[in-house]
Amino acid sequence: MNNAQRSRSIVVGLLGILSTAPACGGAPGGGGAASSTFTSSSDSPARACLAVADAKRQRKPSEPDRISVKHVLVRYDGARGAAATVTRTREQACLRAEEALAKLKEGATFAEVVGLYSEESGAATREGSIGAIERSDVAPAFADAAFELKIKEVSEVVETPFGFHVILRVE
């Protein structure tokens, strides 16, 4: 299999995985941020991160049928598709995704941030690209966030059952 075929296979696999996710704001086990328990005031940044990641978004009637996107994926223990070596908690993963977003806001390129933070197989070689998507290709929470973006705009942190995403709309 050549590199182009391998990359296409990875992207097609990712699209299939993302499209099986539950509705926006859905967390593994059916609970959103409100169902998590926090035991100390030091968890406030995690609570804030989860609230942003679980935000409900509205579909816009004027949105295009297809858009091209890139993303950073940060996984946590128990997320779908996470390797056994991933031991961070959901809260830690959310904060790591926020850290990736902060790097982008500080001027890092999307490719640099993908290389440092994304835990999706092959992401660095594709610079996080998953290509052109339709809403039905990806999880509803991912689609809602991606389709509300303007070209070259970056999303806030978004959660799907596969982890936390930071999305860049390319076109």
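Starting from the residue with the highest accessible area, list Lys70, Lys150 in decreasing order, probe 1.4 Å. Mind dumping the intermediate values first?
On the way: Lys70 40, Lys150 145 Å².
Heavy-atom accessible area, descending, gives Lys150, Lys70.
Give me the percent of accessible area attributable to carbon and sulfur for region 63-162, probe 1.4 angstrom. List each step's numbers first, then the result.
On the way: 2130 of 4430 Å².
Exposed carbon and sulfur together represent 48 percent of the surface.
Set the Förster radius R0 to 22 Å, insert the Cβ-Cβ distance between Glu134 and Ser62 as r into 1/(1 + (r/R0)^6), and round the FRET efficiency to 0.05. List each step's numbers first, then the result.
Details: r = 16 Å, r/R0 = 0.71.
For R0 = 22 Å, the calculated efficiency reads 0.90.
Modelling each spin label as a point 7 Å along the Cα-to-Cβ direction, I'd like the Ala111/Gln92 distance in nm, to one decimal.
3.1
Could you give the spread of the C-alpha atoms of region 115-171 along their three principal axes, from largest to smallest, in whole angstroms?
25, 25, 20
Counting only heavy atoms of protein chains, what accessible area per residue, in Å², does region 73-114 have with a probe of 1.4 Å? Provide the component values of the computation, followed by the final result.
Values: 2170 Å² over 42 residues.
Heavy-atom SASA per residue in region 73-114 reads 52 Å².
The values are calculated or read from the model by the stated rules, or taken from the named source; none is laboratory data. What you see is a predicted model; the values in this text were computed from it and never measured. In this analysis, Cβ positions are derived from the backbone assuming ideal geometry, glycine residues included, and neighbour counts consider all displayed protein chains. Calculation scope for accessible area: heavy atoms of the full protein, side chains included, ligands and nucleic acids excluded. Shrake-Rupley method; radii C 1.70, N 1.55, O 1.52, S 1.80 Å.
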